[in-house]
Structure formats: structure tokens, C-alpha cells
Amino acid sequence: MNKKVLTAATVAVLSCFVSTAWAERPNEDVTCKFPGGAYYKSNNTMYLESINDENASVEIAEESKNCIDEFTHKGEFNLVVERSTKLAANSTISLPMNYSPKNSCIQLYEVVQFSTDDEGNWNATAKNMKGQGDMHKPMLMVTDTKNKACQDIKEIEFTASNLQAITQHTAAQQHLEVYNPKTGHNDWALEGTYKFIRWEKDNADLGIVYGYAAKDKNKVDAGHFTRIGAGAYLPPMRAYLKYIGNTPLAKSVESIVELPETIDVTLVDEEEGTTRTARWNMATGEIVKVNGWYDLKGRKLNSKPQNKGMFIGNTKVQK
């Protein structure tokens with residue numbers, strides 16, 4: 001276990017408000033407008049703003065939902081999520097509808113299990129959702145960062161359906177607890193939000209929450225998770241990681257140092273019959289895929305396996 005407490009100056013997720021020029025929207029008047037977004041019937045497209053602004057929020061009341069349903073006939077529509085930061089790193093997303101990415105730059109993963117080994121090391125298993133994101137459920141969004149065109153994306157395009165109004169009960173739907181079979185508890189949770197959040201210095205969650213970095217700051221890169229400090233914030237339609245284990249860890253500042261600084265992430269791609277290992281750095285949130293492929297006996301393969309079966313990206317994965 002790492003015994004170093006990260007300071008707020010090192011890990012605070014700070015950014016200035018940025019002026020962003022989005023792709024041109026239709027010239028016609030907005031068909032349905034609501035806080036944080038708008039729908040245009042001319043191109044059957046909804047635009048949602050996930051921006052770095054203290055007052056930013058996405059609020060889709062029942063009236064706005066009914067307006068959009070009238071023109072989409074409750075069917076599919078185009079969705080553009082506008083962000084202040086580029087997809088130069090892996091990220092998170094949480095949306096009030098079902099959605100599928102329109103290009104191969106992005107893959108959606110759901111964290112389905114956390115586990116610990118005998119030495120106290122943490123591992124998270126994330127399952128590839130095969131291009132489908134579920135409404136209100138916080139997801140990991142793994143980007144093809146080797147593709148320069150993917151790195152520069154600020155407007156993420158999806159095909160969407162089954163729009164839901166955002167109500168007082170939505171927060172509970174955005175709370176995704178993850179079970180640890182060894183401890184018998186849900187030790188971690190991904191929390192989605194439709195409103196800008198800032199953690200002030202008296203917030204009880206400081207030290208057990210890992211937030212999204214909105215800009216480069218010291219050793220923290222934009223698009224990464226970082227253990228937050230006072231003043232850290234999170235834009236709308238993102239998610240943050242929170243430790244919720246039922247131990248003394250969450251009850252005293254002194255015990256916060258017991259949190260892991262890194263978590264190994266196993267990315268499961270069932271369609272290809274493969275399992276890859278990545279490392280989730282809890283100080284930055286960066287998910288880095290392990291280079292190379294191995295069979296279950298630890299023998300390195302010359303290339304990505306072509307046959308169906310189970311392969312791993314790191315010989316140290318516990319099976």
C-alpha cells in the first residue's frame with residue numbers, strides 16, 4: 001500500500017472557463033430547448049453541453065421530453081455531446097438515454113466487479129458493452145488514443161433512443177455500486193452527475209473521491225481521474241469514482257492513505273473472446289492498456305489472437 005497522502009495542490013482538478021467553438025448547429029430556430037442543451041428537428045439532433053462552468057447542468061423536464069418525443073416519435077435521434085476537453089485520454093460518461101457511439105474511436109465499458117488479492121492489491125473488471133450505453137448508468141469511455149483524429153474529438157456523436165426526463169430520482173439511477181466477492185461488500189461506486197460539482201474544503205468525501213481532470217495541472221493530465229482536493233470539480237454528464245467500503249477507512253483522515261494508488265483493470269471483450277489487462281492509476285485516473293498479448297500459459301503471441309478463446313494481456317492476472 002502507498003503511504004503517501006496526495007496534497008490538494010498536487011491533485012486538485014482545477015481549470016479555467018474556456019471559450020469553445022462548437023461545430024455549427026442548424027440555422028433554424030431551436031425546436032425544443034432546455035438548460036444544458038437543445039433539439040433541432042431539421043437534422044433530428046440533440047446537443048448536450050458537458051462544459052466547465054460553475055452553473056452548467058443538463059435539466060430535461062417532462063415538458064422538454066414530451067417536446068422532443070413529438071418530433072422523434074419516441075424513436076432514434078442523433079446526439080452530440082459537446083465537451084470542453086478533447087478525448088485525448090480515457091474518460092467517463094453518463095447520459096439520460098440509451099446511446100451508441102457513431103465511430104470506432106470510442107468503446108464503452110461497464111465496471112462489473114472489484115476484487116483484492118491477499119496482498120491488498122485492487123483489480124477492477126470492466127466489460128465491453130459492445131457499443132451500447134444504458135441510460136443513467138456511468139460508464140468508462142476508452143478512446144483509441146493512438147489515432148490522432150480520435151484525440152482531437154470534442155463533440156462526441158451518438159445514435160440515441162428512449163430519452164428519459166431528469167427528475168429527483170435520477171441520482172439513485174446514476175449510482176453504480178460494484179461488488180467485491182472477497183470482502184463481501186460493494187467497496188467502490190461510480191457516481192454519475194448531470195450538474196457541475198465542486199468539492200469544497202469541508203466536504204466529507206475529500207480523500208475517498210476520484211474526479212475527472214478538466215485541464216492539465218501539474219502532473220495531472222486532462223481527461224484523467226485524480227484523487228481530488230478542495231476546489232476540485234466535475235462537469236455535467238461525467239462520473240467520479242468513490243470508495244464506499246464498510247471499513248474505518250472512510251471514517252478518519254489518517255486512514256485515507258490506505259486507499260490504493262493504482263488499480264489493475266481487466267478489460268473484457270467477450271465478442272472477440274479476449275481479455276486484456278490495463279492499469280488504472282488512481283492518482284491520475286489514466287487507464288493504460290498493457291502492450292502485447294499472451295495465452296493462459298503466459299506465452300507471448302506475435303500479434304493479436306485471431307481465434308476465439310481466452311487470452312490475457314499480462315501474465316500476472318489472477319484467474
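Packing, as the average of other Cβ atoms within 10 Å across residues, places the peptides 90-98, 170-178 in the order 90-98, 170-178, highest first.
Among the listed pairs 41/65; 86/242; 86/195, those whose Cα-Cα separation exceeds 22 Å are 86/242.
Shown in residue order for region 110-124 are the 3J(HN,Hα) couplings computed by the Karplus curve 6.51 cos²θ - 1.76 cosθ + 1.60 at θ = phi - 60°: 9, 6, 10, 6, 10, 8, 10, 8, 5, 9, x, 7, 9, 9, 10 Hz (x for Gly and Pro). Ordered by 1.4 Å accessible area with all protein chains kept, 187, 202 run largest first as 202, 187. Heavy-atom accessible area with a 1.4 Å probe sorts 198, 238, largest first, into 198, 238.
If we count every other residue with Cβ under 14 angstrom of residue 149's Cβ, Lys/Arg +1 and Asp/Glu -1, where does the sum land? My count for the surroundings of residue 149 gives +1. Summing charges over all other residues whose Cβ lies under 14 Å from the Cβ of residue 186, with Lys and Arg as +1 and Asp and Glu as -1, gives -1. Between residue 28 and residue 205, the contour length at 0.36 nm per residue exceeds the Cα-Cα span by 59.2 nm.
Remark on residue 131: its backbone amide H falls under 5 Å from those of 108, a criterion applied only to residues 5 or more positions apart or on other chains, H modelled at 1.01 Å from N. With each pseudo-label sitting 7 Å past Cα toward Cβ, what's the residue 230-residue 168 distance in nm, one decimal? The modelled label-to-label distance comes out at 3.2 nm. Residues 183, 72, ordered by accessible area of protein heavy atoms at a 1.4 angstrom probe radius and largest first, appear as 183, 72.
Need one number: nm distance between label points at residue 155 and residue 102, each 7 Å from Cα along Cα→Cβ, rounded to one decimal. Result: 0.9 nm between the two label points.
Exposure check, 1.4 Å probe, all protein chains in place: residue 45 carries approximately 10 Å² of accessible surface.
In the complete set of protein chains, residue-level accessible area for residue 199 is approximately 10 Å², probe 1.4 angstrom. Under 5 Å from the amide H of residue 239 lie the amide H atoms of 92, 93, each residue being 5 or more positions distant or on a separate chain, with H modelled from the backbone and absent for Pro and chain starts.
The values are calculated or read from the model by the stated rules, or taken from the named source; none is laboratory data. Quantities reported herein were computed from a predicted structural model and do not represent experimental measurements. Glycine also receives a Cβ, built like all others from the backbone with ideal geometry; neighbour counts cover every protein chain displayed. Protein only, heavy atoms only, side chains kept; ligands, DNA and RNA dropped before computing areas. Shrake-Rupley method; radii C 1.70, N 1.55, O 1.52, S 1.80 Å.
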